[in-house]
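Chemist: Take this structure, written in structure tokens, and hold onto it; I'll ask about it next.
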Amino acid sequence: MFTLDITESARDDLAFLKPFAQRRILDAIDRQLIHAPLTPTRQRKHLRPNDLSRWALRVGKYRIFYDVEEEPGLVRVKAVGWKEHNRLFIRGKEYRLENH
């Protein structure tokens, strides 16, 4: 079982969203990331190298970006945004996942 750490920045990202979306995202984080955050599924995928995170969780149009530290068993949620077609938005501004 993994421990969750939602960064201050990710909390600010969540606060930008409507309460219904916040609840939906937090529920998905609890369900999907505590037990097997490193197992790819239809909702969880490993990302190409970028400036934001190594993993993304899809919840409808929303994306939760996170990294995992296997020791000590920590999932760090770093950002929350949403997709419109192939464009990602975080706090209302378009964000490009830049490669390293």
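Only the coordinates and a few stated rules stand behind these numbers; no lab work does. Fair warning: this is a prediction, and the values are worked out from it, not measured in the lab. Because the Cβ atoms are built from the backbone with ideal geometry, glycine has one as well, and the counts that use them run over all protein chains shown.
Chemist: Magnitude of the Cβ-charge dipole of the chain, K/R +1 and D/E -1, about the Cα centre, nearest 20 debye?
Modeler: The dipole magnitude comes to about 640 debye.
Chemist: What do you get for trypsin sites (Lys or Arg not before Pro) in segment 13-100 restricted to DSSP loop and a cutoff of at most 10 other Cβ within 10 Å of the site's Cβ?
Modeler: Here the sparse-neighbourhood loop sites are Arg42, Arg96.
Chemist: In the chain, what % of DSSP beta bridges are antiparallel (nearest 5)?
Modeler: 85 percent
Chemist: Out of these labelled values of semi-axes √(5λ) of the Cα gyration tensor in Å, (i) 19, 16, 13; (ii) 23, 19, 14; (iii) 25, 14, 12, which was calculated from the coordinates shown here?
Modeler: (i)
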